[in-house]
Structure formats: structure tokens, C-alpha cells
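The structure under discussion appears below in the form of C-alpha cells.
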Amino acid sequence: MDPIRLDDRTLPEYLHSAGLVAAGEAVTVEAAGDGNINWVRRVRTGGRSFVVKQARGSLERFPEYHAPTERIVCEARYYETVRPLDRDGVCPAVLRFDESQRVLVLEDLGAVQRLDAALADGLDARASAARIARFLGAVHAATATDPALADRFPNDGMRRLHGEHIFVLPFHANEFPLPPAVLERAREIWRDARVAAIAAEAYDRYLTPRGALVHGDVQAGNVLLATRGAVLLDAEIAHAGDPTFDLGTLFAHLWLPAVARGEALRAEPAIDAARQAYSESNRGFDAAGWVRARRYAALEMLRRTLGAARVAAVAEPAASLRVIDFALPLL
């Protein structure tokens, strides 16, 4: 039976049937977060609040993109798998998962700042970067030898959709709306076969279903600065793969706002804190891994500047050009 498509009107009754809301209890439903991938709502009732996510056959904000709803199964399994390693609560607590209805209910962290907003304000991100990196290192180290990982995380559709926007589309002629000066630089990159080849090689590694359990989207917009410390959300792209992809994505989003402002050195303390924390929790990580992480970071910064998912930090052409000039040598 196909899942019921929830909406603001039917959600309270669903929650009542699931035992999360008492009969007759007043329920308030409101939008929560950006809701780019899944339908997401915050529910307030009886002095409590929680977040409800439902996966649908198309992405919530971009319905032209179809994606398997197994993504939310993989997200729930990610939280389940990492729970024994997550003593500090880096991931949100799962209150309920209804696999048949593709509904995941999570704790609500409230109106706290996102890491991307904090970085835009010039926040010292060392503690947050170290906390996330330490957690990632522990997860990668603990899952690196799990032979059943790929079968437990059948998330290839979501991984490829995400990967196309990172490794392919920004490095070939496209119609993304770019300012004239940025478009001129983009055309130079499109003509450079070396860049496309490096991106293609990285994409092949990203798609290889072995390595460790990868979160898949460690961007600053998915990190909330809660009272207990940084919390990593939205594991919809979780898969078995190259662990350095997670690390590279984290590096990219620590670098990007500072680089865009022309202050690249201001990001180095957070990058160093992340490197040290990751090394401490994943002692098997080698020098080749750091090289791959920097390459993934460069590709992520370029796609956030030249691709469909441009970020606010690169809104001005001069900021975009600074990011491009910083990222290209990292390749």
C-alpha cells in the first residue's frame, strides 16, 4: 500500500494514531527548516514539540527531481547505526520511525542558529568543527570493515542525484543563472578538460559502494548550534562509500564564507581543529585521505559557486571569483 501523503490538516490525526499525541490534545503544525528534500513540519502540543519528516517521490522544493523514498529509510538507519558511537548527541534523537509511511519523527532543537549563519557572522567555529569531525571520524572508523553496509544503505538514487550536482553539472556547459563575470570564468573551466577529468575521477570514487558509512551532506546548513553543541541533521544521502567525502564537505563549508570575504586565513583554526579531532577518532586515516578530502572540498566549493545550489556567500561576483581562485589549485 502506498504511503498516505500527509499535510497540515491530516498530520494531527496521524500523530494521534501513532500514539504521539493524546486524543483531544491541541496540536499546532508549522513549517520547519528549508524542506528542500522532504516534507518537514514542527509540531507543538502539550508543552512538547518535535519535528516530522515524510519522504515523497519528488523532492519537496524541487519537484522536477524524482528520488526514491528509501532515502528516509537510510536516514533512520544512519541514526540507528551511529547511536552507540554518539555519546555526545551529535545527531538528533529519533522518537519514531514509520517505515511503511516513510515518516521520521525527531526531537526538536528549537530556534537555534545554523552553522552557516554563524560562519557568515564570523563566529569562531573551532569547537563546532571539532565536534562534528570527531563524530565523523568515530563513525568512519567503526564502520570501515562492515561488509553488509552497502546492502543496508540502498541509497543509490539519492546519491547519484546529489553527485550529478557536485561532480558533473557545474563542470560542463549549463544554463545555471550566473553573473556575467562568473559565467566567463565558468566557461574557462568548462573548456579545461583537466578539471572535468578530476571531477569524473572523484565521482567514480564517490559512487563506489565501499569504504565506510558516509553521512553524505555535511554542509553547514545541516548543522544546528544547540545548547549541547553542534548537531548534525539530514542524513538522507547516507550510504556506504568514501569517508573522505564527508570530511571534504565539512572543510568546504568552513572555508567558503571566509574565502568569499577575502579572509581565507580566518578559516584555518576551524580547519585545523577539525583535522586534529578527526585524526584522534580515526587513527587509521592516512595522508592520501587528506589529499582526497581537499579535492572533495574544492569540488564542493566550486559547485556552490557555479552550480544550481549557489550559496549566499557568493552572491557578489567578486566573492564568487575569490572562491574559484581558491578552489581550483586544491584540485
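The values are calculated or read from the model by the stated rules, or taken from the named source; none is laboratory data. This structure is a prediction, so every number in the text was calculated from the model and none was measured. Positions of Cβ are generated from backbone atoms using ideal geometry, with glycine treated the same way; all protein chains shown enter the neighbour counts.
Need pairs with beta-carbon distance below 6 Å; first residue at positive phi and within segment 255-284, second at pLDDT 95 or above and buried (at least 18 other Cβ atoms within 10 Å of the Cβ); sequence gap 6+ or separate chains. Filtered contacts from segment 255-284: 262/322.
Here's the yes/no breakdown for (1) of a type in the set (A, V, I, L, M, F, W, C); (2) in contact with a strand residue (DSSP E or B) (Cβ under 9 Å, 6 or more places away or on another chain); (3) surrounded by fewer than 18 Cβ atoms within 10 Å (Cβ to Cβ):
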| position | (1), (2), (3) |
| --- | --- |
| 180 | no, no, yes |
| 202 | yes, no, no |
| 219 | no, no, no |
| 227 | no, no, yes |
| 231 | yes, yes, no |
| 243 | no, yes, no |
| 249 | no, no, no |
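Selection of segment 31-79 for residues being aliphatic (A, V, I, L, M), surrounded by fewer than 20 Cβ atoms within 10 Å (Cβ to Cβ) and assigned to a loop (DSSP other than H, G, I, E, B) yields only 32. Residues in segment 284-312 that are among the charged types (D, E, K, R) and farther than 16 Å from residue 200 by Cα: 286, 304, 310.
Within segment 100-154, the set of residues being in a loop (DSSP other than H, G, I, E, B) and farther than 26 Å from residue 55 by Cα comprises 121, 122, 123, 124, 125, 144, 145, 146, 147.
Going through (1) in contact with a Ser or Thr (Cβ under 7 Å, 6 or more places away or on another chain); (2) assigned by TED's automatic domain parsing to the domain that holds residue 214 one by one, residue 102 falls short only on (2). For segment 275-290, the candidate set comprises residues that are crowded, with 18+ Cβ neighbours inside 10 Å and hydrophobic (A, V, I, L, M, F, W, C); within that set, the residue that is modelled with the lowest pLDDT is 285.
Is there a residue being modelled with pLDDT under 95 and surrounded by fewer than 17 Cβ atoms within 10 Å (Cβ to Cβ) anywhere in segment 314-329? No, segment 314-329 has no match at all.
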